[in-house]
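The values are calculated or read from the model by the stated rules, or taken from the named source; none is laboratory data. Everything numeric in this text was worked out from a predicted model, so none of it was measured. Glycine also receives a Cβ, built like all others from the backbone with ideal geometry; neighbour counts cover every protein chain displayed. Areas reflect the complete protein model, heavy atoms only, side chains present, ligands, DNA and RNA absent. Shrake-Rupley method; radii C 1.70, N 1.55, O 1.52, S 1.80 Å.
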Amino acid sequence: MRLDLRACACVAAAVAGLSLTAAHAQQFPAKPVRFIIPFPPGGPTDILGRLTAERLTRTWNVQVIADNRPGGGGNIGTELCAKSPADGYTICMISIAQSISPSIYPKLGFDPVRDFSHVTLLATLPSLLVVHPSVPAKNVTELIAFARAKPGALNYASGGSGTSSHLLMEMFNLRGGVSMVHVAYKGTGPALVDQVSGLIEVAFTTAIAALPYVQSGRLRALAVSTRERLPGLPDVPTIDESGLAGFDGGSWQGVVMPAGAPREIVNAVHGDLVKMLHSSDMKERILAMGGIALGNAPDEFSAFMKAEGEKWAKVAKAANVKME
């Protein structure tokens with residue numbers, strides 16, 4: 001039998017290439033890894049990011065350095081990530097804020113879909129639709145009826161213009177056919193203080209932040225913003241269940257790398273993160289934060305990012321939300 005020497009050479013080259021790829025993945029990481037967190041210390045993205053960095057350090061036996069780069073609603077650190085070397089040694093936290101940003105910032109230094117290699121969605125952090133006890137509504141239907149009867153009488157708080165708490169309530173306004181007045185705060189903390197005091201009637205607030213006030217009776221939880229109920233509040237329905245079919249929104253955090261990162265490294269990091277997220281202690285830690293641990297495939301996360309961008313673009317346009 002005659003052998004085609006050219007075919008043999010091609011096969012040999014392919015095998016050699018696969019061997020080099022496998023070796024490259026096996027050697028990763030061979031040095032410390034930078035983990036950009038585009039928000040200041042203390043918030044949910046930072047807390048989950050530092051927890052993730054700690055677990056990866058243990059798994060890899062190589063230092064994963066949490067690097068907080070806050071500013072611009074998370075956009076400064078995210079742009080820094082997008083422009084970093086795509087060698088696998090820069091990984092980054094990304095959040096719902098970055099899927100909203102393209103719709104509200106006229107000049108943005110990154111595209112959340114095009115400029116990243118998406119690794120996995122770490123967790124979702126559902127929000128609670130909460131009202132002050134002075135508001136007579138006991139459920140979503142009653143809140144909508146009350147708001148329609150008194151247009152502009154209800155004020156709602158957000159953690160800032162363009163944040164998820166702002167866009168969530170604008171989506172609620174649009175879907176419910178109501179008009180509640182936006183009051184922007186510099187963070188969730190100040191907004192909660194004024195709502196608990198009765199200066200603000202309504203808000204979407206992350207479950208972990210609102211839960212103590214709901215449990216003490218200082219705020220009333222009407223519904224959960226995501227499609228799934230919260231394990232910690234099994235009797236509180238979702239907004240979808242409460243009459244606004246298809247309503248689904250909440251904070252989330254994921255991990256990305258700069259676009260062009262080696263696929264074998266993306267897959268390797270994905271595997272380690274999913275294993276971490278499926279551990280019982282990690283699930284419990286995230287649940288204690290008011291979140292739900294996930295861990296989807298890179299392609300699924302990329303599709304999720306695209307869908308999130310499209311969803312919030314429609315809300316931002318309809319509500320005329322823009323940032324200077």
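Quick notes on this one:
- Hits in the range 294-310 - residues which are open to solvent by 50 Å² or more (accessible area, probe 1.4 Å) and modelled with pLDDT of 95 or more: D299, E300, A303, F304, K306, A307, E310
- Filter pass, L129 being open to solvent by less than 20 Å² (accessible area, probe 1.4 Å), at pLDDT 95 or above and touching a Ser or Thr at 6+ places or on another chain (Cβ under 8 Å): yes
- Criterion violated by L108 - all others in (1) of a type outside the set (D, E); (2) closer than 30 Å to V315 by Cβ; (3) not in a loop (DSSP other than H, G, I, E, B) satisfied: (3)
- Exactly one residue among A137, A66, A86 is among the aliphatic types (A, V, I, L, M), within 24 Å of P258 (Cβ to Cβ) and touching a Phe, Trp or Tyr at 6+ places or on another chain (Cβ under 9 Å), and that residue is A66.
- Single residue of the range 276-287 satisfying the filter (without any contact (Cβ under 8 Å) to a residue 40 or more places away in the chain and in a helix (DSSP H, G or I)) that is most open to solvent (accessible area, probe 1.4 Å): E284
- The condition (being within 29 Å of S216 (Cβ to Cβ) and open to solvent by less than 10 Å² (accessible area, probe 1.4 Å)) is satisfied by just one residue among V193, V135: V135.
- Residue in the range 295-309 that is outside any helix (DSSP H, G or I), in contact (Cβ under 8 Å) with a residue 40 or more places away in the chain and in contact with a strand residue (DSSP E or B) (Cβ under 6 Å, 6 or more places away or on another chain) present: yes
A quick yes/no check of all residues on (1) in contact with a strand residue (DSSP E or B) (Cβ under 7 Å, 6 or more places away or on another chain); (2) closer than 30 Å to S251 by Cβ; (3) at pLDDT 50 or above:
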| position | (1), (2), (3) |
| --- | --- |
| D4 | no, no, yes |
| A9 | no, no, no |
| T21 | no, no, no |
| Q26 | no, no, yes |
| P32 | yes, yes, yes |
| I37 | yes, yes, yes |
| G49 | yes, yes, yes |
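- Selection within the range 62-85 - under 27 Å from P102 (Cβ atoms), aliphatic (A, V, I, L, M) and surrounded by 17 or more Cβ atoms within 10 Å (Cβ to Cβ): A66, L80, A82
- Among the residues making up the range 105-122, a single one is over 21 Å from S84 (Cα atoms) and surrounded by 24 or more Cβ atoms within 10 Å (Cβ to Cβ): L122.
- Every test in (1) open to solvent by 10 Å² or more (accessible area, probe 1.4 Å); (2) of a type in the set (V, I, T); (3) not in a helix (DSSP H, G or I) is passed by T141 save one, and that test is (3).
- Residue in the range 267-281 that is of a type outside the set (A, V, I, L, M, F, W, C) and under 26 Å from H182 (Cβ atoms) present: no
- Qualifying residue in the range 209-219 (condition: within 28 Å of A313 (Cβ to Cβ) and surrounded by fewer than 15 Cβ atoms within 10 Å (Cβ to Cβ)): no
- Test: residue in the range 178-190 that is over 26 Å from E310 (Cβ atoms), in contact with a Pro (Cβ under 9 Å, 6 or more places away or on another chain), open to solvent by 10 Å² or more (accessible area, probe 1.4 Å) and basic (K, R): no
- Subset of the range 47-61 that is without any contact (Cβ under 8 Å) to a residue 40 or more places away in the chain and not in a loop (DSSP other than H, G, I, E, B) - its residue that is most open to solvent (accessible area, probe 1.4 Å): R58
- Scanning the range 255-273 for residues that are touching a Phe, Trp or Tyr at 6+ places or on another chain (Cβ under 6 Å) and either buried (at least 24 other Cβ atoms within 10 Å of the Cβ) or among the basic types (K, R) (or both) yields a single hit, V256.
- Among residues of the range 234-252 being touching a residue at least 40 places away in the same chain (Cβ under 8 Å) and not in a loop (DSSP other than H, G, I, E, B), the one that is farthest from P44 (Cα to Cα) is G250.
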